[in-house]
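Nothing in this text is a laboratory measurement; each read-out follows from the coordinates by a stated rule. This one's a predicted model, so the numbers in the text were calculated from it and none came from an experiment. Note that we place each Cβ from the backbone using ideal geometry, even for glycine, and neighbour counts take in every protein chain shown.
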């Protein structure tokens with residue numbers, strides 16, 4: 001790593017300068033003064049004296065492993081419900097895997113504020129998308145591009161969708177199919193089944209309901 005770090009630093013800064021000379025960098029707001037070449041080089045100068053930390057590891061074992069790795073994160077939230085063990089007195093206890101200690105299953109208790117803070121670190125800022133599609137899968141012309149791909153491949157045109165409506169699964173059933181955790185299950189005893197016994201209109205004060 002001590003050999004790789006200065007090498008990566010030199011190449012990175014050289015490519016930055018090259019991108020500047022080619023007009024590929026745009027500066028806005030408080031960075032607009034960096035449009036001047038001398039100001040830009042002064043800005044990069046301190047970076048040449050800093051020690052860069054470069055991390056490298058062996059590549060993934062083929063595309064299938066890459067898909068398996070990425071697939072675990074693209075359609076899941078930061079923590080699933082079944083990992084939350086207890087919520088009481090403003091404290092949340094949950095299960096996690098300690099990768100630094102042989103991937104052992106351990107528990108951790110955090111205050112509600114700290115738990116929410118850590119959870120929100122996994123929420124994308126407004127305007128960002130977790131998955132972006134490119135090329136013929138781009139959202140804007142996806143239907144037309146896919147039809148063109150099928151024609152070029154000599155595929156049989158698809159038959160129009162049947163007018164009969166397919167019954168939609170309840171959102172709790174879809175959640176269980178995606179995450180393996182059931183919203184029907186009682187979070188207290190983990191044996192009973194949750195059912196709707198009443199609805200609270202927006203803005204009203206809920207009354208105590210006897211669930212015994």
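In degrees from 0 to 90, rounded to the nearest 10, what is the angle of the helix 142-152 Cα long axis to the longest principal axis of the chain? Tilt relative to the chain: about 80 degrees. Across all Cα atoms of the stretch 81-140, the radius of gyration (one decimal) and Dmax (whole number) stand at 17.1, 52 Å.
Of the listed values (1) 139; (2) 120; (3) 322, identify the label whose number matches volume of the Cα convex hull per residue in Å³ calculated from this model. This structure yields the entry labelled (3).
Relative contact order for the stretch 63-120 using alpha-carbon pairs under 8 Å, separation at least 6, rounded to a whole percent? Relative CO of the stretch 63-120 lands at 23 percent. Treating the angle as unsigned and between 0 and 90°, give the value, to the nearest 10°, between the Cα long axis of helix 4-21 and the longest Cα principal axis of the chain. Rounded to the nearest ten degrees, it is 80.
Entry note, the chain: the mean residue ellipticity at 222 nm calculated from DSSP H runs of n ≥ 4, each adding -39500 (n - 2.57), is -9500 deg cm²/dmol after division by the residues and rounding to the nearest 500. Given R0 = 22 Å, the distance between the Cβ atoms of residue 155 and residue 133 translates into a calculated FRET efficiency of 0.60. With contacts taken as Cα pairs under 8 Å at a separation of at least 6 residues, the stretch 1-76 carries a relative contact order of 41 percent. Using Cα springs under 10 Å in a Gaussian network model of the chain, which residue among 153, 110, 169 shows the largest mean-square fluctuation? Among 153, 110, 169, the largest GNM mean-square fluctuation belongs to 153. Report the FRET efficiency, 1/(1 + (r/R0)^6), for residue 41 and residue 3, where r is their Cβ-Cβ distance and R0 is 25 Å, rounded to 0.05. Calculated transfer efficiency: 0.45.
Between the beta carbons of residue 176 and residue 31, assuming R0 = 45 Å, the FRET efficiency works out to 0.40 to the nearest 0.05. This ranking places 41, 34 by how few other beta-carbon atoms lie within 10 Å of each, fewest first, which gives 41, 34. Packing, as the average of other Cβ atoms within 10 Å across residues, places the peptides 85-93, 49-57 in the order 85-93, 49-57, highest first. Once you have a ≥ b ≥ c as the square roots of the Cα gyration tensor eigenvalues for the stretch 4-48, tell me rounded if a/c is under 1.5, and otherwise prolate or oblate according to whether a/b is larger than b/c. Prolate.
With angles folded into 0 to 90 degrees, how steeply does helix 63-74 sit against the dominant principal axis of the chain? Use alpha carbons for both and round to 10. Approximately 60 degrees, to the nearest 10.
Mean separation of Cα pairs under 8 Å and 6 or more residues apart, divided by the residue count, gives the chain a relative contact order of 10 percent.
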